[in-house]
Amino acid sequence: MTEPLLSICMATFKRGNFIAATLDTILPQLRPGVELIVVDGASPDDTAAVVSSYTRDWPQLRYVREETNSGVDADYDKAVGYARGRYVWLMTDDDLLKDGAVDRVLGLLDEDPDLLVVDAEILDVRCAAMLQTRRFGFSGIRRYGAEDGDAFLADAGDVLSFIGGTVIRRSLWLSRAREPYYGSLFIHVGVIFQAPIERVILLGEPLIQIRFGNAMWSARGFEIWMFMWPEMIWSFPGFSDAAKAAVTPARPWQIPRKMLGFRANGSYDLGQYRRFFGARRVGTWRLGLLALALLPGRLANVVALSFLLAMRGRYRPACYALAWNSRFASALSRRMAARSPSKHPA
């Protein structure tokens, strides 16, 4: 059997309400030499029925339902194991591919890269309003070699917090350590940055539409972005501190505006303070961390939103999260955020 050029690999769990919209944007773009692998981590909802309804008409779609849930990292790794393509595209289960995305990727794979990372735009949870037109800080194409590790990490690290833009040579993925990153939520980042990569392409052109505010791990946001993500980025050898700092501070909890943001969206409270800082040596930061945990949530929400709006549209996804996703959102904060799109378009 001829080896496909590209396998689009998707790990899914409890996405019965969203995965059909995702499949509707991917399946019509499949070409000869492109397959789609969906690994379901034992979803208890109707995900199986939804995906199975597509397999009858799309032979390029292979659906694998696991008996137990192994976690998103292990399920992506399993999907790559089931794949037959020379390259694997690690796609998410609730976001959308833009028209022409697969053909654009196939064209760039003609250059024989080891890794391709594509840009994405950010929409609201209903995919009705644009919140951010791109995530990369540039447009066009940038190329990197093994000697360009610092520049690659600084340019791509933040964007790679989203797995859906990752297209990697399957043999490279399988040759690298993966199990140490199970449970990290960022297995792809561990695979990519554990050692240099010879040929890397970054595409500053959005091919994906992210459904913002729908992540399965949103409830763990404080732990992830204050500890898990920075600890992973700062664990990689062979990169300068400056390159790592361009992605995330080593201790983002020492930045008051970040802590205010998590208090404002309801992710940080006295319980989180006790869990993460009760036994941790934080020195003179302790009083400020405690004060923020005790700050009234609705006040924090309005203050943080006012700060973000003053940045003239630079943080529209964060504004959206505070106004519509936070348990401390109020009528005032929603009115404030609703005025922002007309003044500061994405």
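The values are calculated or read from the model by the stated rules, or taken from the named source; none is laboratory data. These figures come from a predicted structure and were not determined experimentally. Neighbour counts are summed over all protein chains in view; Cβ atoms, including those assigned to glycine, are modelled from backbone coordinates with ideal geometry. Only protein heavy atoms, including side chains, enter the accessible area calculation; ligands, DNA and RNA are left aside. Shrake-Rupley method; radii C 1.70, N 1.55, O 1.52, S 1.80 Å.
All other residues whose Cβ lies under 13 angstrom from that of Ala264 are scored, Lys and Arg at +1 and Asp and Glu at -1, for a net of +4.
The residues of the chain have, on average, 44 Å² of accessible surface per residue, using a 1.4 Å probe with all protein chains present.
Once both axes come from the Cα atoms, what is the angle between helix 72-82 and the longest principal axis of the chain, in degrees from 0 to 90, rounded to 10? Computed tilt is about 10 degrees.
Of Leu172, Val303, Leu97, whose Cα points farthest to the positive end of the dipole of the chain (charges on the beta-carbon: +1 Lys, Arg; -1 Asp, Glu; origin at the Cα centre)? Of Leu172, Val303, Leu97, it is Val303. Using Cβ point charges alone (K and R +1, D and E -1), the dipole size of the stretch 44-167 about the Cα centre works out to roughly 360 debye. For Rg and Dmax of the Cα atoms in Å, the value calculated from this model appears in [x] 22.2, 71; [y] 25.5, 81; [z] 20.5, 64 under label [z]. For the peptides 80-88, 285-293, residues were scored by their other Cβ atoms within 10 Å and the scores averaged per peptide; the highest-first order is 80-88, 285-293. Mean residue ellipticity at 222 nm, helices only, the chain: -9500 deg cm²/dmol; runs of at least 4 DSSP H residues each add -39,500 (n - 2.57), and the sum is divided by the number of residues. Of the GluC sites (Glu not before Pro) found in the stretch 137-242, those in coil by DSSP whose Cβ has at most 16 other Cβ atoms within 10 Å are Glu198.
The magnitude of the dipole of the stretch 233-344, with charges of +1 and -1 set on the Cβ of Lys/Arg and Asp/Glu and taken from the Cα centre, is near 200 debye. Spatially, the stretch 141-195 and the stretch 8-28 are offset by 23 Å when compared through their Cα centroids.
Charge dipole (Cα centre; +1 on Lys/Arg Cβ, -1 on Asp/Glu Cβ; no other charges) of the chain amounts to roughly 1800 debye. Look at the dipole of the chain built from charges on Cβ: of Leu108, Pro237, Tyr273, the Cα furthest out on the positive end belongs to Tyr273. Each other residue within a Cβ distance under 15 Å of Trp234 adds +1 if Lys or Arg and -1 if Asp or Glu, for a net charge of -2. Computed over the chain with a Gaussian network model linking Cα atoms closer than 10 Å, the most mobile of Asn17, Asn214, Asn301 is Asn17. Computed on protein heavy atoms with a 1.4 Å probe, the accessible areas place Arg316, Arg178 in the order Arg178, Arg316, largest first. Of Ser139, Ile197, Pro252, which is farthest on the positive side of the dipole of the chain, counting Cα position, with +1 on Lys and Arg Cβ, -1 on Asp and Glu Cβ, and the Cα centre as origin? So the residue furthest toward the plus end is Pro252.
Expressed as a whole percent, the accessible area of the stretch 228-325 that falls on carbon and sulfur atoms is 58 (1.4 Å probe).
Charged neighbours of Val159, selected by a Cβ distance under 11 Å, balance to -1 (K, R count +1; D, E count -1). Taking every alpha-carbon pair under 8 Å whose residues sit at least 6 apart, the chain reaches a relative contact order of 16 percent.
How high is the relative contact order of the stretch 20-69, in percent, with contacts defined as C-alpha pairs under 8 Å that are six or more residues apart? Don't skip to the end; give the middle numbers.
Values: 49 pairs, mean separation 22.6, N = 50.
Dividing the mean separation by the residue count of the stretch 20-69 yields 45 percent.
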